[in-house]
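Quick notes on the structure that follows.
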Amino acid sequence: MDERISKIKKLISISNQIVAFTGAGFSAESGISTFRGAGGLWSKYNPSIYADINYFIKDPSYYWNFFRDERYPVIKKAKPNDGHYALVELEKLGKIYRVITQNIDGLHQMAGSSEVIELHGNTRKIFCMNCDKTYSMDRVYNLLKKELPPRCSCGGILKPGTVLFGEPLPQVALDMANIAARNCDMFIVLGSSLVVYPAAALPEIAKNNRAKLIIVNIDPTPLDNIADIVINESVSKVLSELI
Ligand code: APR
């Protein structure tokens, strides 16, 4: 691994427009389960029932049970890990100019990253499908003790601030991510299976615009064949060697 680490270090030293692209594997070391790979959430919960907008509209209780029992307790106590702080370091050194994340836990911002693009929303913002009023995830957790699904004071059903399957990504975030992928000189994937589109198209867009593509992921990904460097190791191990 060290020869690839020194190659990445050299690439970082000559880059100043680096995009870090993070997935659930990045937050795994903060105790938040991944979706795929060993012990992934989607092996226990069928995403077409628990995380799909069409099913949510038919019966929101599945998602809200999943949120109450599986997601809220873990995200509530999660803290940024060494990997999050390593990206803040690289940003301070003027190396990282965008963090594009598929994660919905807000840990990059909590660690101090300033240019974070949240492709799949953020679970800390929950809003009414009827009047758009915003609720905190703590407030909704308390509502869930009394009623399922949780409702707004106007009676409308509350919807998570995260993008469910079957929903479009926030257009501004997607546009900013595309621009960042086209203008970066290095695109480093950290802890993503790269199987969910349109997010997974970004590494290829970067590569097609002459950026160096690095993939750090425990399991192989479908884009390994176009990457300049692939390291199948934990993100924190690799980032701590890099910083
Ligand atoms: N270090 C590096 N990689 C890791 C680590 C780690 N400590 N732990 C797990 N991984 C890898 C796994 O090998 C796996 O390939 O992280 C990857 C996580 O993949 P997914 O669980 O599919 O997460 P992600 O790629 O972010 O999923 C994309 O799918 O379900 C939707 O909206 C959800 O944003 C999510 C999207």
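The values are calculated or read from the model by the stated rules, or taken from the named source; none is laboratory data. As the structure is a computational prediction, the values presented were derived from the model and not from experiment. Virtual Cβ from ideal backbone geometry, glycine too; neighbours counted across all protein chains shown. Surface areas here come from the heavy atoms of the whole protein model, side chains and all, with no ligands, DNA or RNA. Shrake-Rupley method; radii C 1.70, N 1.55, O 1.52, S 1.80 Å.
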Residue count, segment 89-112, condition farther than 23 Å from residue 72 by Cα, assigned to a strand (DSSP E or B) and open to solvent by less than 40 Å² (accessible area, probe 1.4 Å), comes to 2
Of those in segment 6-31 that are surrounded by fewer than 16 Cβ atoms within 10 Å (Cβ to Cβ) and in contact with a helix residue (DSSP H, G or I) (Cβ under 7 Å, 6 or more places away or on another chain), the residue farthest from residue 181 (Cα to Cα) is 31
Within segment 101-133, residues in contact (Cβ under 8 Å) with a residue 24 or more places away in the chain, of a type outside the set (A, V, I, L, M, F, W, C) and either touching a Phe, Trp or Tyr at 6+ places or on another chain (Cβ under 7 Å) or farther than 30 Å from residue 193 by Cα (or both) come out as 103, 115, 130
Considering segment 113-124, residues that are assigned to a loop (DSSP other than H, G, I, E, B) and in contact with an Asp or Glu (Cβ under 8 Å, 6 or more places away or on another chain), and then whichever is farthest from the ligand (Cβ to nearest atom), we arrive at 114
Scanning segment 62-80 residue by residue, those in a helix (DSSP H, G or I), without any contact (Cβ under 8 Å) to a residue 60 or more places away in the chain and either within 23 Å of residue 28 (Cβ to Cβ) or in contact with a Leu (Cβ under 6 Å, 6 or more places away or on another chain) (or both) turn out to be 66, 69, 70, 71, 73, 74, 77
